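K.L.:
Structure provided below as C-alpha cells; questions to follow.
The values are calculated or read from the model by the stated rules, or taken from the named source; none is laboratory data. Source: prediction; values computed, not measured. For neighbour counting, all protein chains shown are included, and Cβ atoms are generated from backbone atoms with ideal geometry for every residue, glycine included. Side chains included, ligands, DNA and RNA excluded: accessible areas come from the protein's heavy atoms. Shrake-Rupley method; radii C 1.70, N 1.55, O 1.52, S 1.80 Å.
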Amino acid sequence: MTDFHRVRRLPPYVFEQVNRLKAAARNAGADIIDLGMGNPDLPAPKHVVDKLIETVGKPRTDRYSSSKGIAGLRRAQAAYYGRRFGVALNPDTQVVATLGSKEGFANMAQAITGPGDVVLVPNPSYPIHAFGFLMAGGVIRSVPAEPTPSFFVSLERAVVHSIPKPIAVVVCYPSNPTAMVASLDFYRDLVAFAKKHEIFILSDLAYSEVYFEGEPPPSVLQIPGAMDVAVEFTSMSKTYSMPGWRIGFAVGNERLLSALTRVKSYLDYGAYTPIQVAAAAALNGPDDCIVEMREIYKQRRDIMVESFAAAGWTVPAPAASMFAWVPIPEKFRHLGSLEFSKLLIEKADVAVAPGIGFGEHGDDYVRLALVENEQRIRQAARGIRRFFDAADATLHNVVQLKKHG
C-alpha cells in the first residue's frame, strides 16, 4: 500500500521526533524542561472562566452553533479591531470566528487554492503557512522571513519567475518562529505590491498582544486599501492564555471571507457556544490580564537571556512573541538543529523546537518558548551549562594528537 496522496505531500513532522525522545526520557525518570512547544502555561483569566461556567447548561447552548461564529463574538472582535488598530470591520461580512488561527489558515488554503497554484511563504515560518497550501494541492515558493527591502526583491523575482503567477503571499509578524516585528511602512509597501500584482495577502497576527518594547505591533489592515486584498488571522490562544479553547478569527476582505465561510459550513458547526460567549467576554472585558501576561513573558525573556548567557549560549532578546529564535552555538552547528535538539534532551534535560521544522532556512537555529516559570528557566540554563562544559571536555579529549619523530 502506498501512502495516500495528501499524506505523501507532507514531510515527516520534525517536532514528533523530538516529542518521542522527550516522552522516552520522561518515562525513564528524567525531569525534562520543555521549551519546545508554544503552549501557554498561564491560566485563562478568571472572568472568562466564570462566564464559561455561567453559560454552560443554559437553554439552547448545547445545540449546533454557527460555523462562522455567534453574532456577539463577531461584534466583540470587530470592536477590538476598532479600539486596537482603528480599523472598522463589519461583523456580518468581515469577521469569521475560527477554531483557532491554525484551522482558519488551513481552511482558507482549501477555499482559495487550485491544483498547482503558487503561494509565497516565508522560510522559516510556522508549518501551517506552507503545508496548509500543500495539502490543498498548491505549490510553495519560499521568500525571506525578514521584513526588510530584500523581502520585496524576492517577491518581485518570485512573481516574474512563477508560472502560474502567485495567488497569495503569507506574512507573520510578530513572527513565529523568528520573533521579528514589521512596521506600518513595511505593510504599506506590501499592500502596494499586492495591488500592483493582483495577489492576496494572508497575515498571521497571532502574537499581536505579546510585545515588550516600543509600539504595539500593527495590523496590515491599518493601511488604506488593504481591505481590498488582505485577510488577517488572530487568536485568543496567546492573548488570553486560552490555547485549548480553540478560538481565533479571520477578518478583512469580504470575498475571501465568504469563501472561507462556505468551506467551513461544509466542515464544521463552530465552537461550543459557551466557549464563544466566554471569548466575547474576554474581548469585551478589562485589559489587566493582557498587561499581566505581557509582563510575565517579559520577565521570563530577561531571565532566559541572562541565565543562558551565563551558561555560554547567547540568546537574542525577542522584541515580541513568546519565542526566542536562537543560533545554535558554533561548535554544534554542523550537527543541524534536529540532532542538536536531541542532544539537549539527552544531555541537558531541555526540550527545544529544531529550526528545521520551520523550513530549511531555519536549520542553524532552535526556537525557545517562554512557557516555563523563572525557576525552571534557570534550571534549564544550569543543565545546558553542564552539557556545554562536558562537551568541551569531550571534544578536547577526542582531538588526535600529532605524533612526533
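K.L.:
Could you look through the range 134-149, keep only residues that are open to solvent by 30 Å² or more (accessible area, probe 1.4 Å), in a strand (DSSP E or B) and of a type in the set (V, I, T), and pick out the one that is farthest from D117 (Cα to Cα)?
P.N.:
Of everything passing the filter in the range 134-149, I140 is farthest from D117 (Cα to Cα).
K.L.:
While we're here: Quick check: anything in the range 350-369 open to solvent by 40 Å² or more (accessible area, probe 1.4 Å), in contact with a Pro (Cβ under 7 Å, 6 or more places away or on another chain) and assigned to a loop (DSSP other than H, G, I, E, B)?
P.N.:
yes
K.L.:
Ok, one more. List pairs: first residue in the range 94-106 and closer than 18 Å to Y126 by Cα, second residue in a helix (DSSP H, G or I) and polar (S, T, N, Q) anywhere in the structure, Cβ distance under 7 angstrom, at least six positions apart or on different chains.
P.N.:
G100/S237
K.L.:
If you check T261, T314, which single one turns out to be in contact with a Ser or Thr (Cβ under 8 Å, 6 or more places away or on another chain), more than 24 Å from A30 (Cβ to Cβ) and open to solvent by 10 Å² or more (accessible area, probe 1.4 Å)?
P.N.:
So the residue among T261, T314 that is in contact with a Ser or Thr (Cβ under 8 Å, 6 or more places away or on another chain), more than 24 Å from A30 (Cβ to Cβ) and open to solvent by 10 Å² or more (accessible area, probe 1.4 Å) is T261.
K.L.:
Being open to solvent by 70 Å² or more (accessible area, probe 1.4 Å) and over 23 Å from L202 (Cα atoms) narrows it down to one residue among A28, A24, A71, A44; which is it?
P.N.:
A28
K.L.:
Could I ask something else about it? Please give the number of the condition F323 fails out of (1) closer than 26 Å to Y13 by Cα; (2) among the hydrophobic types (A, V, I, L, M, F, W, C); (3) over 18 Å from the mean Cα position of the chain (by Cα).
P.N.:
All conditions are met except number (3).
K.L.:
Sticking with this structure for a sec: Let me confirm something: among V170, V229, which residue is under 23 Å from the mean Cα position of the chain (by Cα), closer than 17 Å to F133 by Cα and among the aliphatic types (A, V, I, L, M)?
P.N.:
V170
K.L.:
Hey, P144 hits all of (1) at pLDDT 95 or above; (2) more than 19 Å from T234 (Cα to Cα) but one; which does it fall short on?
P.N.:
Status for P144: all satisfied but (1).
K.L.:
Given the options L52, L35, L21, name the one that is farther than 21 Å from Y297 by Cβ and at pLDDT 95 or above.
P.N.:
On inspection, the qualifying residue turns out to be L52.
K.L.:
So E292 clears everything in (1) at pLDDT 95 or above; (2) closer than 21 Å to T55 by Cα except one condition, right? Which one?
P.N.:
That leaves (2) as the condition not met.
K.L.:
Can I345 be described as in contact (Cβ under 8 Å) with a residue 24 or more places away in the chain, open to solvent by less than 60 Å² (accessible area, probe 1.4 Å), part of a helix (DSSP H, G or I) and farther than 28 Å from P218 by Cα?
P.N.:
Taking the combined requirement at face value, the residue satisfies it.
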